[in-house]
Each structure stands twice: as C-alpha cells, then as structure tokens.
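The values are calculated or read from the model by the stated rules, or taken from the named source; none is laboratory data. Keep in mind it's a predicted model, so treat the numbers as computed, not measured. No Cβ is skipped: glycine too gets one built from the backbone with ideal geometry, and neighbour counts run over all protein chains shown. When the accessible area is computed, the model is the full protein with side chains, heavy atoms only, and any ligands, DNA or RNA have been set aside. Shrake-Rupley method; radii C 1.70, N 1.55, O 1.52, S 1.80 Å.
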Amino acid sequence: MSPPRLTADFWVKAYLARLRLADIAAYVTAKGDPDAGSVVVKCATLDGQARAFCRSYDLMSGARLWMELASGPETEVDEALQRARSRDPDLWIIEIEDRQGRTLLDEPGLAE
C-alpha cells in the first residue's frame with residue numbers, strides 16, 4: 001500500500017506559500033484537477049529563457065523526483081507546455097519569475 005499523497009490543490013497552495021516566503025513571484029497559469037492533477041513548474045529568468053519541470057519516478061529506486069521537461073527560449077517552453085496541457089487538461093502549470101532561476105524544488109519537502 002502506497003503512502004497517502006497530498007491533493008494537487010493543497011500541494012500547489014503550499015508551494016505558492018513557500019515561494020512567497022522566499023520572495024519569488026509565482027502564478028498559477030493553468031488550473032488542473034484539484035485532487036489528482038499533475039503539476040508542471042515553469043521558471044522564467046526574465047532574459048527570454050525558461051525551464052519547465054515535472055514530477056516523475058526513478059524506476060530504479062521508486063523515488064519521486066523533479067525532472068526537466070523543457071528548457072530554452074521562453075516561447076519554445078510555452079509551446080511545449082501548451083502541447084502538454086492539450087494532452088492533459090488536468091495539468092496544473094505554475095509559472096515562476098526569478099532572475100536567479102530559483103524554484104525551491106530541491107528543498108526538503110519539495111524534492112521528494
């Protein structure tokens with residue numbers, strides 16, 4: 001039996017609160033299924049570049065981790081996210097604007 005997981009809506013609200021505490025601007029640009037939607041985090045560095053991350057599983061260890069979904073010019077990353085959203089309407093997209101490229105996804109509680 002797998003351990004209980006947070007709903008997507010709850011996780012997104014908690015993540016946005018952590019970003020606010022770090023003084024990182026973030027917005028929900030696409031709202032997905034509140035219970036079981038997947039989450040993609042896009043980080044725009046305000047220089048025309050961006051990176052997007054999604055949750056995945058390491059098949060060897062079974063651990064959950066964040067992997068890069070797309071990176072490069074922001075317009076190309078946006079197009080990749082539009083394609084992903086067209087395939088999965090339950091997908092949440094959170095957009096961060098941070099010149100340093102901080103997402104906090106490597107911090108305890110978010111990395112796992």
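Evaluated against (1) buried (at least 17 other Cβ atoms within 10 Å of the Cβ); (2) touching a Ser or Thr at 6+ places or on another chain (Cβ under 6 Å); (3) under 18 Å from Leu19 (Cα atoms), Trp92 falls short on exactly one condition, (2). Evaluating Glu95 against the criteria (1) within 11 Å of the chain's Cα centre (by Cα); (2) not in a strand (DSSP E or B) leaves one unmet condition, (2).
Conditions (1) open to solvent by less than 30 Å² (accessible area, probe 1.4 Å); (2) closer than 12 Å to Ile93 by Cα; (3) over 12 Å from the mean Cα position of the chain (by Cα); (4) free of Cβ contacts under 8 Å to residues at least 60 places away in the same chain, marked per residue:
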{"site": "Trp11", "(1), (2), (3), (4)": "no, no, no, yes"}
{"site": "Ala22", "(1), (2), (3), (4)": "no, no, yes, no"}
{"site": "Gly37", "(1), (2), (3), (4)": "yes, yes, no, yes"}
{"site": "Asp47", "(1), (2), (3), (4)": "no, no, yes, yes"}
{"site": "Cys54", "(1), (2), (3), (4)": "yes, yes, no, yes"}
{"site": "Arg64", "(1), (2), (3), (4)": "no, no, yes, yes"}
{"site": "Pro73", "(1), (2), (3), (4)": "no, no, yes, yes"}
